[in-house]
Amino acid sequence: MAPSRPSISGGGVRELTRTPSGRPSKVLGNRFQGVLTKKGKYLNSWKRRWFVLNRRPDGINTLSFYLSEENMVEKATYALKDAVIEVWPHENMMKEFGFVLRLADKKAQVLTVFADSIEEKEEWIHWLVESV
């Protein structure tokens, strides 16, 4: 039996001022930022990185990641147009609180990431869905 995927639908733009757990959110204007752990591109190692989702007025939204919040050396920037977010059950992801972002670029890149909590995972998915 194929693994089930929850359906996620976008809605109107929603400014979160607090995360579901009550912590202050990571929203700065049209930017959402925070830590995600990313699966390596060439090796199957996992690395914590600082991610910034930029929602631009022209609709060309991007997701960038950096070494850390303190060390803002940009590692990559991805256009989110037509990207697909996949949420799989934990047993199919290898990591709890994980999800996959399939980019619609020429390379058909895939980002496999996980958050530190279910609340952070849901917040990231919300902002990504709103930005695709």
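Going from the residue with the fewest nearby Cβ atoms within 10 Å to the one with the most, LYS75, LYS106 rank LYS106, LYS75.
For TYR78, the residues whose modelled amide H falls within less than 5 Å of its own, excluding neighbours fewer than 5 places apart on the same chain, are LEU63, SER64. Non-local lysine pairs in the range 27-131, meaning eight or more places apart or on different chains, with alpha-carbon distances under 19 Å, amount to 22. Classification of the range 27-131 by its C-alpha gyration tensor yields a rounded form. The axis ratio a/c (a ≥ b ≥ c) stays under 1.5. The length gained by stretching the chain between GLU119 and ALA76 to full extension, at 0.36 nm per residue less their Cα-Cα distance, is 13.0 nm.
No value in this document is a laboratory result; all are computed from the given coordinates. Worth saying up front: this structure is predicted, and the values here are computed from it rather than measured. When we count neighbours, we look across all protein chains shown, and the Cβ atoms used for this are built from the backbone with ideal geometry, even at glycine.
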